[in-house]
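Bear in mind these aren't lab numbers, they're just calculated from the coordinates by the rules spelled out. Since the structure is predicted, the reported quantities are computational estimates derived from the model, not experimental observations. Here Cβ is always computed from backbone atoms with ideal geometry, including for glycine, and neighbour counts include all displayed protein chains.
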């Protein structure tokens with residue numbers, strides 16, 4: 001789970017992560033904690049969409065126009081947005097809405113930003129994503145894939161950039177996600193309740209010490225946190241230099257073919273995740289071990305479900321990986 005989140009932070013193009021697991025296993029806690037590891041981002045001051053000052057793909061049309069007109073823009077640094085999407089949210093709350101009254105009375109196109117605008121260049125977290133209305137999940141996944149959100153209301157159209165890491169969590173007992181929606185998440189992690197008594201005691205003790213004195217607990221792990229933050233920042237910078245050999249790409253696609261994975265998303269995500277993992281480890285070239293570390297996370301949710309199958313999808317992926325890449 002932690003590795004999937006870190007890799008998505010290093011390369012948001014991986015396409016987010018779906019985390020399924022038992023109740024009370026720390027899914028939400030871990031997801032919300034990832035925001036503390038991210039460096040601040042530079043945004044155009046007073047912009048509704050966290051626009052980037054120089055990257056055209058990450059700026060709103062309004063900012064683009066101002067830059068083309070030669071207007072000098074002020075910038076400011078903010079924490080990476082971490083937006084929670086509540087289960088009861090309406091489509092207008094998620095996508096934003098156009099103020100029709102103002103448009104009709106004053107002739108001004110005024111956009112009220114939604115959660116997709118606030119999450120731009122950050123993380124959008126949906127707890128219990130398997131309970132979210134299907135049409136809202138479709139909207140989220142389309143925005144995550146295209147990087148843009150378009151709002152059409154009463155003949156008025158408005159669009160803005162919406163690049164974010166989509167993170168969903170859920171409990172399998174409350175229902176599965178439709179396969180075609182599950183396929184749109186880049187990675188999938190499964191969490192099980194810890195059975196080892198010593199580890200359970202360690203978790204309980206850490207939780208108790210945090211409850212008693214949160215500041216002291218945060219201070220205790222401050223150095224580790226800073227080290228990990230620096231590793232992630234360096235990996236983000238290094239990612240562009242990392243390459244993956246043609247032979248290894250062939251083997252990844254061979255694995256996807258043998259597992260009968262529909263479409264090519266599995267191949268693309270595995271390549272991106274392997275490069276992000278190599279960057280995380282400070283390497284310039286992806287090797288077999290890097291692929292082995294990430295491939296199960298990238299493919300386990302893309303296999304066709306057979307109700308009579310007793311083998312776990314993760315084990316099935318591992319068997320084919322060992323056959324093609326060696327033990």
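Looking at segment 98-172 from every direction and averaging, what is the projected area of its Cα convex hull in nm²? Show your work: numbers first, answer last.
On the way: hull surface 22.0 nm².
The directionally averaged projection comes out at 5.5 nm².
Mind checking the angle between helix 134-146 and the chain's longest principal axis? C-alpha axes, 0 to 90 degrees, to the nearest 10.
Relative to the chain, helix 134-146 is tipped by roughly 90 degrees.
Could you list the residues of segment 181-210 with an amide nitrogen less than 18 Å from a label point located 7 Å from the Cα of residue 262 in the Cα-to-C-beta direction?
Within reach of a label on residue 262: 181-188.
Rounded to the nearest 10 degrees, what's the angle between the helix 313-325 long axis and the longest principal axis of the chain, both from Cα atoms, 0 to 90?
Roughly 70 degrees between the two axes.
In whole Å, largest first, what are the principal axis extents of the Cα atoms in the chain?
67, 50, 42
What does the convex hull of the Cα atoms of segment 3-143 come to per residue, in Å³, rounded to a whole number?
Working: hull volume 18.2 nm³, N = 141.
Hull volume over Cα atoms, normalised by residue count, gives 129 Å³.
Among 31, 53, 232, which one shows the biggest mean-square fluctuation in a GNM of the chain, springs joining Cα atoms closer than 10 Å?
Largest GNM mean-square fluctuation: 53.
What fraction of the Cα pairs in segment 1-80, stated in percent, has a spacing above 17 angstrom? List each step's numbers first, then the result.
Numbers: 1832 of 3160 pairs.
Percent of Cα pairs beyond 17 Å in segment 1-80: 58.
What list do you get for 125, 56 if you sort them by fewest beta carbons within 10 Å? Each step should come with its number before you reach the end.
Numbers: 125 23, 56 10.
By the 10 Å Cβ count, ascending: 56, 125.
Just report the Cα centroid separation between segment 225-251 and segment 189-217, whole Å.
Computed from Cα coordinates, the inter-centre distance equals 30 Å.
Taking only Cα atoms, what is the 0 to 90° angle, nearest 10, from helix 246-258's long axis to the longest principal axis of the chain?
80
Per 5 Å bin, what percent of the C-alpha pairs of segment 198-327 does each bin hold, from zero upward?
2, 10, 16, 15, 12, 11, 12, 11, 8, 4, 0
Springs between alpha-carbon pairs under 10 angstrom, Gaussian network model over the chain: which of 82, 59, 158 fluctuates most?
It is 158.
Going by Cα centres, segment 60-95 and segment 1-38 are how many Å apart?
Measuring centre to centre over Cα atoms gives 23 Å.
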